[in-house]
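All remarks here apply to the structure that follows.
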Amino acid sequence: MQLAFRRHLDSTPAAYLRRIRLERAHQELQMSDPRSETVSRIATRWGFLSHSRFTAHYRSVFGVPPSRTLHG
């Protein structure tokens, strides 16, 4: 299975799933009201249990911390 993922998507299944979850969290951060929502709650909803790891992954993909997206 991992070989098929590598061939067709140039990714492992875990990395692919993390990317999809990051994209969905990113969309939710963009659409949320920072007065009633937090980065931690959004990250947890998308399966990221460690705030610091979520922030690191998010910053590596989107170039900014998730808090900037939420408050942007």
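Restricting attention to region 28-58, report how many residues are surrounded by fewer than 16 Cβ atoms within 10 Å (Cβ to Cβ), in a helix (DSSP H, G or I) and either under 9 Å from the mean Cα position of the chain (by Cα) or at positive phi (or both).
0
Somewhere in region 49-72, is a residue touching a helix residue (DSSP H, G or I) at 6+ places or on another chain (Cβ under 6 Å), of a type in the set (A, V, I, L, M), farther than 30 Å from residue 1 by Cα and touching a residue at least 40 places away in the same chain (Cβ under 8 Å)?
Within region 49-72 (the criterion being touching a helix residue (DSSP H, G or I) at 6+ places or on another chain (Cβ under 6 Å), of a type in the set (A, V, I, L, M), farther than 30 Å from residue 1 by Cα and touching a residue at least 40 places away in the same chain (Cβ under 8 Å)), the answer is yes, since at least one residue qualifies.
Evaluate the following for residue 9: is it surrounded by fewer than 13 Cβ atoms within 10 Å (Cβ to Cβ) and of a type outside the set (D, E, K, R)?
Taking the combined requirement at face value, the residue satisfies it.
List every residue pair whose Cβ atoms sit under 7 Å apart, with the two residues 6 or more apart in sequence or on different chains, where the first one lies in region 7-36 and is closer than 11 Å to residue 66 by Cα and the second, anywhere, is of a type in the set (Ser, Thr, Tyr) and surrounded by 14 or more Cβ atoms within 10 Å (Cβ to Cβ).
Between residues of region 7-36 that are closer than 11 Å to residue 66 by Cα and residues that are of a type in the set (Ser, Thr, Tyr) and surrounded by 14 or more Cβ atoms within 10 Å (Cβ to Cβ), the close pairs are 22/58; 26/69; 29/69; 30/69.
What is the number of the single condition among (1) at pLDDT 95 or above; (2) not in a helix (DSSP H, G or I) that residue 11 does not meet?
(1)
Filter region 62-72 down to residues that are at pLDDT 95 or above and loosely packed, with under 13 Cβ neighbours inside 10 Å, then give me how many there are.
Total satisfying the criteria: 3.
The values are calculated or read from the model by the stated rules, or taken from the named source; none is laboratory data. Since the model is a prediction, treat every value here as computed from it, not as a measurement. Reconstructed Cβ throughout: ideal geometry from the backbone, glycine too, with neighbour counts over all protein chains shown.
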